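Note sheet for the following structure.
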Amino acid sequence: MAWGLDFISEEDFKDHVRATIIKYGEKLEPYDLKRFNSNLIDPIKLIFDKSVYRLSWEEIVSNEIFRQRDKSNNNDIGYFHQNIFSYLKGCEVPPTGWDVVYRNPNGIQMPDGDIVHVLYVEMKNKHNTMNSASSAKTYIKMQGQILDDDDCACLLVEAIARKSQNMKWSTKVDGKNVQHRLIRRVSMDQFYAIITGEEDAFYKMCMALPEVISVVINEEGSVSVPHDTVMDELHRIAEKYVGQTKELAMAMAVYMLGFRSYMGFNTIMERQSEDRNEEALKRMYEFMKNIE
């Protein structure tokens, strides 16, 4: 199949996809109970979610592991969106400062009629990831750049914008509404169009992406599904709660992830010791201690 992207070579695109997948792979280390609970699970939420959505323990734990991995992987998608521009003509991805800098000696036509030769870009994955303080700080940074260089524009580029757009960015700084024709809020498709001169460049990239990801994964063979041991460890804890239903025993195992030092929970194993082997109880204490 002929390569359909004029603005980036097939090999460069594959290299970038490969680098992004490698970053994903770094997050695919298996989850044990200690890692699962490293930021403290909310047992109440976990049990509500399981019951309301009618999921099994295996499903709710798997969903939580996916959520934790996904939170880290959002940064990797940011890497994909930003660093692809290091392969595009006229673009630079500086190690610090701006996310992308684009220079065109022939000039860049702005919607309000201005022609500039440099674009300074701050890039966000989603339109709603900036609070008011972050927005004000970013706007002031852009305002300062325009004061230093009257031959530039500054863009807030959003990968997931509410709509396709290239408009003046209106925000608040110190409670005052501010905007400037050279400080703009731009969706990713419009930014690709500016850089490449092709209105459907972002669309073409998206159409090429699934096949390239598949090719790279098959070539590398380095992305494997991890074997998570969280459920095995939770089952071993649940087995210690004698005289309880299987469901309540699993609930107790989950409660102990967050509440084992809370009053009532900290004595529950002691109350069961009359019916349990002391050596088994000791091992359970040690097991719970190791996941702290």
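Table for the structure above
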{"read-out": "Percent carbon-and-sulfur accessible area, the stretch 187-262, ignoring ligands, DNA and RNA, probe 1.4 Å", "value": "54 percent"}
{"read-out": "Mean accessible surface per residue for the chain, computed with a 1.4 Å probe while every protein chain stays in place, in Å²", "value": "58 Å²"}
{"read-out": "Protein accessible area in the stretch 3-128, 1.4 Å probe - carbon and sulfur %", "value": "49 percent"}
{"read-out": "Estimated distance in nm for a label pair at Lys71 and Arg236, the labels positioned 7 Å out from Cα along Cα-to-Cβ", "value": "2.5 nm"}
{"read-out": "The stretch 1-144: relative contact order in percent, alpha carbon pairs under 8 Å with at least 6 residues between", "value": "18 percent"}
{"read-out": "Cα-based equivalent ellipsoid, the chain: semi-axes from gyration tensor eigenvalues, Å", "value": "51, 24, 15"}
{"read-out": "Length-normalised contact order for the chain - Cα pairs under 8 Å, 6+ apart - percent", "value": "21 percent"}
{"read-out": "Restraint check, Lys14/Lys126; Lys50/Lys163; Lys126/Lys204; Lys45/Lys141; Lys23/Lys204; Lys27/Lys141, Cα-Cα greater than 28 Å", "value": "Lys50/Lys163; Lys45/Lys141; Lys27/Lys141"}
{"read-out": "Fully extended contour minus Cα-Cα distance, from Lys45 to Asp32, at 0.36 nm per residue", "value": "2.7 nm"}
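The values are calculated or read from the model by the stated rules, or taken from the named source; none is laboratory data. Keep in mind it's a predicted model, so treat the numbers as computed, not measured. Methodologically, a virtual Cβ is constructed for each residue, glycine included, from the backbone with ideal geometry; neighbour enumeration extends over all protein chains shown. Accessible surface areas use protein heavy atoms only, side chains included; no ligands, DNA or RNA. Shrake-Rupley method; radii C 1.70, N 1.55, O 1.52, S 1.80 Å.
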